[in-house]
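Participant: Following this message is one structure expressed as structure tokens.
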């Protein structure tokens with residue numbers, strides 16, 4: 001099978017590329033930089049440099065493959081390109097820059113999904129996209145059959161989910177893989193867990209909000225990569241899957257471990273103190289996001305095998321030993 005992977009140099013995408021190659025598939029990786037392209041070529045994949053805003057090229061390349069696995073997303077202002085950057089900076093009040101950034105990123109994601117759909121439709125190809133479990137309704141155990149909730153913490157990206165599902169009527173086999181807030185493992189330097197650790201060290205204390213009994217699901221990146229490949233290899237019409245190794249750890253327990261290994265004190269914050277302490281992460285930290293992967297495990301015979309989040313925090317690279 002010939003597979004195009006976007007975000008092929010990213011934390012999740014790079015693991016997907018390696019899993020595909022190990023399973024004998026031909027891989028084309030979409031990356032932004034020359035250095036990333038060189039690393040990808042050295043791994044045995046073919047590299048294409050470009051932005052996910054280049055929809056004409058995305059459509060052209062997707063016509064040449066059987067499957068597209070889309071893991072790329074704007075996480076930095078610099079990734080938005082000049083037109084997007086101008087819209088973000090000059091499109092209204094400075095207080096709404098964050099909202100305009102998300103609108104720009106989601107708009108680019110939707111246009112990329114549509115481009116993939118046009119390219120894959122002729123060969124009834126498969127399109128698999130990654131979205132966060134935090135698009136699900138909070139404080140309810142998220143099931144694969146649940147649609148995204150536009151009022152959730154990650155609700156801005158529900159529009160991408162809806163765009164994907166519409167492709168089923170146009171000769172494409174669309175699948176959604178939801179990823180939990182903590183995807184952990186080696187080389188994780190920019191995810192939510194290292195971000196929390198950085199805040200802990202900068203503020204000289206680890207924290208949770210109120211009783212900290214809201215839940216965060218998690219998965220090891222290598223287990224997640226195996227699921228993406230299983231989804232790519234199945235021949236069904238497409239569905240929604242949950243790459244969740246643990247359905248939900250109380251956030252307080254995560255904060256306790258960060259405090260222990262960072263050698264910082266642990267404190268509970270009032271809701272009114274959360275924004276000042278956690279900044280852009282505040283709404284995520286307070287989200288209750290328990291998620292089931294029972295249907296995914298049974299349907300695809302997927303069983304997470306890597307070490308747990310607690311073991312990774314104790315023995316992995318997150319804390320200086």
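The values are calculated or read from the model by the stated rules, or taken from the named source; none is laboratory data. What you see is a predicted model, and the numbers here were worked out from it, not measured in a lab. Neighbour counts are summed over all protein chains in view; Cβ atoms, including those assigned to glycine, are modelled from backbone coordinates with ideal geometry.
Participant: Going by the conditions given, is residue 252 more than 30 Å from residue 2 (Cα to Cα) and free of Cβ contacts under 8 Å to residues at least 24 places away in the same chain? Explain how you work it out, then say what you get.
Facilitator: On the way: more than 30 Å from residue 2 (Cα to Cα): yes; free of Cβ contacts under 8 Å to residues at least 24 places away in the same chain: no.
So residue 252 does not fit the description; no.
Participant: When region 230-247 is examined, which residues are found to be surrounded by 21 or more Cβ atoms within 10 Å (Cβ to Cβ) and farther than 14 Å from residue 312 by Cβ? Talk me through it step by step, then tell me what you get.
Facilitator: In the first step, residues of region 230-247 are kept if they are surrounded by 21 or more Cβ atoms within 10 Å (Cβ to Cβ); the result is 231-232, 240-245.
Residues satisfying the conditions are 231, 232, 240, 241, 242, 243, 244.
Participant: Can you find a residue that is surrounded by fewer than 15 Cβ atoms within 10 Å (Cβ to Cβ) and under 30 Å from residue 125 (Cα atoms) anywhere in region 254-269?
Facilitator: No: region 254-269 contains no residue that is surrounded by fewer than 15 Cβ atoms within 10 Å (Cβ to Cβ) and under 30 Å from residue 125 (Cα atoms).
Participant: Moving on to the next point. Give the residue that is modelled with the lowest pLDDT, with candidates limited to residues of region 191-208 that are crowded, with 16+ Cβ neighbours inside 10 Å and under 20 Å from the mean Cα position of the chain (by Cα).
Facilitator: Going through region 191-208, the residues crowded, with 16+ Cβ neighbours inside 10 Å turn out to be 191-193, 195-197, 199-200, 205-208.
Still in the list and also under 20 Å from the mean Cα position of the chain (by Cα): 191-193, 195-197.
Numbers: 191: 93, 192: 96, 193: 97, 195: 96, 196: 97, 197: 97.
The extreme case among them is 191.
Participant: Run down 274, 283, 268, 247 and say which single residue is more than 21 Å from residue 145 (Cα to Cα) and not in a helix (DSSP H, G or I). Walk me through how you get there before you give the answer.
Facilitator: On the way: 274 fails: not in a helix (DSSP H, G or I); 283 fails: not in a helix (DSSP H, G or I); 247 fails: more than 21 Å from residue 145 (Cα to Cα).
On inspection, the qualifying residue turns out to be 268.
Participant: Assuming residue 275 fulfils every condition listed in (1) surrounded by fewer than 17 Cβ atoms within 10 Å (Cβ to Cβ); (2) within 19 Å of the chain's Cα centre (by Cα); (3) under 22 Å from residue 155 (Cα atoms) apart from one, which condition is it?
Facilitator: Condition (2) is where residue 275 drops out.
Participant: Now, a different point. I need the full set of residues from region 31-50 which are part of a helix (DSSP H, G or I) and touching a strand residue (DSSP E or B) at 6+ places or on another chain (Cβ under 8 Å), in order please. If you could, list the steps in order and put the result at the bottom.
Facilitator: Narrowing region 31-50 to residues part of a helix (DSSP H, G or I): 34-43.
Hits for region 31-50 are 34, 36, 37, 38, 40, 41.
Participant: When you look at residue 101, is it outside any helix (DSSP H, G or I), closer than 27 Å to residue 155 by Cβ and at pLDDT below 95, yes or no? Quick ask: steps written out before the conclusion?
Facilitator: Numbers: outside any helix (DSSP H, G or I): no; closer than 27 Å to residue 155 by Cβ: yes; at pLDDT below 95: yes.
When the stated conditions are applied, residue 101 does not pass them.
Participant: Within region 111-133, is even one residue farther than 21 Å from residue 58 by Cβ and modelled with pLDDT of 95 or more?
Facilitator: Checking region 111-133: at least one residue is farther than 21 Å from residue 58 by Cβ and modelled with pLDDT of 95 or more.
Participant: A follow-up question, please. Among 188, 169, 211, which is outside any helix (DSSP H, G or I), over 18 Å from the mean Cα position of the chain (by Cα) and surrounded by fewer than 24 Cβ atoms within 10 Å (Cβ to Cβ)?
Facilitator: Values: 188 fails: over 18 Å from the mean Cα position of the chain (by Cα); 169 fails: outside any helix (DSSP H, G or I).
211 is the lone residue from the list that is outside any helix (DSSP H, G or I), over 18 Å from the mean Cα position of the chain (by Cα) and surrounded by fewer than 24 Cβ atoms within 10 Å (Cβ to Cβ).
Participant: OK, next. Which one is surrounded by the fewest Cβ atoms within 10 Å (Cβ to Cβ), of the residues in region 286-321 that are assigned to a helix (DSSP H, G or I) and in contact with a strand residue (DSSP E or B) (Cβ under 6 Å, 6 or more places away or on another chain)?
Facilitator: Filtering region 286-321 for residues assigned to a helix (DSSP H, G or I) gives 294-300, 309-315.
So of that shortlist, the ones also in contact with a strand residue (DSSP E or B) (Cβ under 6 Å, 6 or more places away or on another chain) come out as 296, 309, 312.
Details: 296: 23, 309: 26, 312: 20.
Out of the qualifying residues, it is 312.
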